[in-house]
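Engineer: One structure, pasted below without further comment.
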Amino acid sequence: PQVNFSHANSRVTAVLPTGESVVILLYGATVISWKNRFGMEKLWLSDAAKLDGSKAVRGGIPLVFPVFGTAPDHAPTSKLPQHGFARNSRWEFLGKSSSESAGPSDTSVKLDFGLSSNTLEDGVKSQWPYTFSIIYSVTLTPESLSTSIVITNDGAEPIDFQVLMHTYLRVNDISQIQVTGLEDSEYVDKVDAAKTKSQSGAVAITGETDRVYTPAKGPSNAVAVAEEGETIFTVVRDNLKDVVVWNPWTEKAAGMGDFEPKDGFKKMICIEAGSVNGWVSLDPGDAFEGAQTISD
Ligand code: TA6
């Protein structure tokens, strides 16, 4: 049984024999759709998301690199826009590989995307003049979606960066959501003067929420999202020590022109795996790998 596949109009689409599918926009190598075998969309994408490359996609899985937020005091990244350039850049599709261990229910597909200093826009290169290459892989299986990033320093000087996968998970009703796996982790509360707090119990979303759990200490690096007591997502991290939990709620949703419908915040929660507190320092010739696996 074949993986159905297409690479057209700046998108790569793959459909497994069991029916699951994924769509990646070459702009930002942004996953914009992940559907289960019943055709149910698992990611949240704003109705007003720009998909023409004019701005970062509002939804799906935008890639944050080499800076999370803005870092005015960090000279190497201080000239970059919020969340860096990866989600605003045109990536190349490098190819696909599919594996079928025992049969159609085990068939999976891995799609590779590339961005490097050779393909980066000149304007961006002048803001961040490092020699690098990134391979971003999206792997779809009947049970999960994984995204992994390998960042290689091809230059002669160390590169200090932050990286994060800004995943918008789709939920039915945010008021019924509980996030577990972050118990006892310290977090920076960005809606309360960036105070450092400690998480006790599950995380519920009852208003604008913007927290950087650093490090996220949960057992086996797993964070679970439950709706009415039933786990709907599990996010397992590999070499990504932090988790950001974000929901814009009413006011911030109203203030984002590309966030539609305005009450769409009730249908999404961002569970973002990354390394965003402090800087990963990559020596010349070295490579950094980080990944997440989202099971539904
Ligand atoms: O991940 C949380 C966050 O850093 C929030 O502070 C908010 O800015 C969000 O990202 C969205 O940022 P964006 O640049 O995509 O509008």
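The values are calculated or read from the model by the stated rules, or taken from the named source; none is laboratory data. Keep in mind it's a predicted model, so treat the numbers as computed, not measured. Glycine also receives a Cβ, built like all others from the backbone with ideal geometry; neighbour counts cover every protein chain displayed. Side chains included, ligands, DNA and RNA excluded: accessible areas come from the protein's heavy atoms. Shrake-Rupley method; radii C 1.70, N 1.55, O 1.52, S 1.80 Å.
Engineer: Which members of region 131-140 meet the condition of being touching an Asp or Glu at 6+ places or on another chain (Cβ under 8 Å) and either more than 17 Å from residue 91 (Cα to Cα) or polar (S, T, N, Q) (or both)?
Structural biologist: If the condition is that a residue be touching an Asp or Glu at 6+ places or on another chain (Cβ under 8 Å) and either more than 17 Å from residue 91 (Cα to Cα) or polar (S, T, N, Q) (or both), then 131, 133, 137, 140 are the ones that fit.
Engineer: I've got another one for you. Give region 1-27 a look and list any residue that's without any contact (Cβ under 8 Å) to a residue 40 or more places away in the chain, hydrophobic (A, V, I, L, M, F, W, C) and out of contact with any Leu (no Cβ under 8 Å at 6 or more places or on another chain), or say none.
Structural biologist: 8, 15, 23 - these are the residues of region 1-27 that are without any contact (Cβ under 8 Å) to a residue 40 or more places away in the chain, hydrophobic (A, V, I, L, M, F, W, C) and out of contact with any Leu (no Cβ under 8 Å at 6 or more places or on another chain).
Engineer: Here are 126, 175: which of them is assigned to a helix (DSSP H, G or I), under 30 Å from residue 232 (Cα atoms) and open to solvent by 70 Å² or more (accessible area, probe 1.4 Å)?
Structural biologist: 175
Engineer: So which strands (runs of 3 or more DSSP E) are wholly in region 18-116 and hold at least 1 residues that are open to solvent by 30 Å² or more (accessible area, probe 1.4 Å)?
Structural biologist: On the way: elements: 21-25, 30-35, 92-100, 107-116.
Strands (runs of 3 or more DSSP E) meeting the threshold: 30-35, 92-100, 107-116.
Engineer: I've got another one for you. So which residues in region 135-172 are surrounded by 15 or more Cβ atoms within 10 Å (Cβ to Cβ), assigned to a loop (DSSP other than H, G, I, E, B) and aliphatic (A, V, I, L, M)?
Structural biologist: Of everything in region 135-172, just one residue is surrounded by 15 or more Cβ atoms within 10 Å (Cβ to Cβ), assigned to a loop (DSSP other than H, G, I, E, B) and aliphatic (A, V, I, L, M), namely 171.
Engineer: Kindly provide the set of residues from region 29-59 that are away from the ligand (no atom under 11 Å from the Cβ) and small (Gly, Ala, Ser), ordered by number.
Structural biologist: Scanning region 29-59 gives 29, 33, 39, 48, 53, 54.
Engineer: Quick check on my filter: what residues within region 190-244 are more than 16 Å from the ligand (Cβ to nearest atom), of a type outside the set (Gly, Ala, Ser), touching a residue at least 40 places away in the same chain (Cβ under 8 Å) and in a strand (DSSP E or B)?
Structural biologist: Scanning region 190-244 gives 227, 232, 233, 234, 236, 238.
Engineer: If residue 62 satisfies every condition in (1) under 25 Å from residue 296 (Cβ atoms); (2) within 15 Å of the ligand (Cβ to nearest atom); (3) in contact with a Phe, Trp or Tyr (Cβ under 6 Å, 6 or more places away or on another chain) but one, which is the exception?
Structural biologist: (3)
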